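**Q** Have a look at the structure that comes next, please.
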Amino acid sequence: MSDQQLTIQSFALGGFQTNAYVLTNPQTNETIVIDPGMEPANLLQALAGKQVVAILLTHAHLDHIGGLNQVRELTKAPVYIHPLEQEWMTNPDLNGSSRWNLPEPIVCQRAEHELVDEQTLELAGLTIRVLHTPGHSPGSCSFVIGQHCFGGDVLFAQSIGRTDLPGGDYETLMMSIQDKLFELDDETIVYPGHGPKTTIDSEKTFNPFVTGLLR
């Protein structure tokens, strides 16, 4: 199917207002979930009656995996993550949940599948290009489907991901933006982990954090 036929729903979840995305192929009702964040009641309601075939994680910070156990229980779908953050799934110190005053730390089972840079996934009738885009976290990945890029906390509308958390690195983040995201078509729509969607062209033009990257 063409990416124009893809149905995209977004849900800002939990206190961090983390964007969870539900991608549905309307021809088959097959669905992919990206980053099931904390307090996922609205997300779970939206998934009712859908055939969820995969859960993709851009990275494993607590606010991006907080609802994973509930979504897994509902859908029985396999999880995909970069191997550098596989251990974060089971370790609250690594995913950051032990540092917050939560009712209980976040502990998930390991992901069933590990992502590889530049691999192609064929899921729900969609062709998904995987880009390893570290910097915000070591295993951060972006998922490109046609003119859509789901980039987690790498690039935001007129901002960039923070690099002061464990495993973050500013120079690595900037290289990911320059060498991976800014090589996408300017018309590519970026769906970030927080805040509104944007485009590659808009960020090249207006993002004050990346002006030094432009060739």
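The values are calculated or read from the model by the stated rules, or taken from the named source; none is laboratory data. The shown structure was predicted, so the numbers you read here are calculated from the model rather than taken from an experiment. Note that we place each Cβ from the backbone using ideal geometry, even for glycine, and neighbour counts take in every protein chain shown. We work out accessible area using only protein heavy atoms, side chains counted, and drop any ligands, DNA or RNA first. Shrake-Rupley method; radii C 1.70, N 1.55, O 1.52, S 1.80 Å.
**Q** Give the residue that is least open to solvent (accessible area, probe 1.4 Å), with candidates limited to residues of region 1-30 that are in contact with a helix residue (DSSP H, G or I) (Cβ under 9 Å, 6 or more places away or on another chain) and more than 25 Å from V107 (Cβ to Cβ).
**A** N25
**Q** Please go through (1) of a type in the set (D, E, K, R); (2) touching a helix residue (DSSP H, G or I) at 6+ places or on another chain (Cβ under 8 Å); (3) open to solvent by less than 50 Å² (accessible area, probe 1.4 Å) for K180 and return the number of the only condition it doesn't satisfy.
**A** Unmet for K180, out of (1) of a type in the set (D, E, K, R); (2) touching a helix residue (DSSP H, G or I) at 6+ places or on another chain (Cβ under 8 Å); (3) open to solvent by less than 50 Å² (accessible area, probe 1.4 Å): (2).
**Q** When region 55-67 is examined, which residues are found to be in contact with a strand residue (DSSP E or B) (Cβ under 7 Å, 6 or more places away or on another chain) and either of a type in the set (G, A, S) or within 25 Å of T163 (Cβ to Cβ) (or both)?
**A** L56, L57, T58, H59, A60, D63, H64, G67
**Q** Among the residues of region 85-125, write down those that are hydroxyl-bearing (S, T, Y) and surrounded by 17 or more Cβ atoms within 10 Å (Cβ to Cβ).
**A** Across region 85-125, the qualifying residue is only S97.
**Q** I'm trying to understand the selection: among the residues of region 174-215, which are over 21 Å from H148 (Cβ atoms) and either in contact with a His (Cβ under 7 Å, 6 or more places away or on another chain) or without any contact (Cβ under 8 Å) to a residue 40 or more places away in the chain (or both)?
**A** Within region 174-215, M174, T211, G212, L213, L214, R215 qualify.
**Q** For region 126-207, list the strands (runs of 3 or more DSSP E) that sit wholly inside it and hold at least 2 residues that are of a type in the set (V, I, T); which are they?
**A** Fully inside region 126-207 and qualifying: 126-132, 141-145, 189-192.
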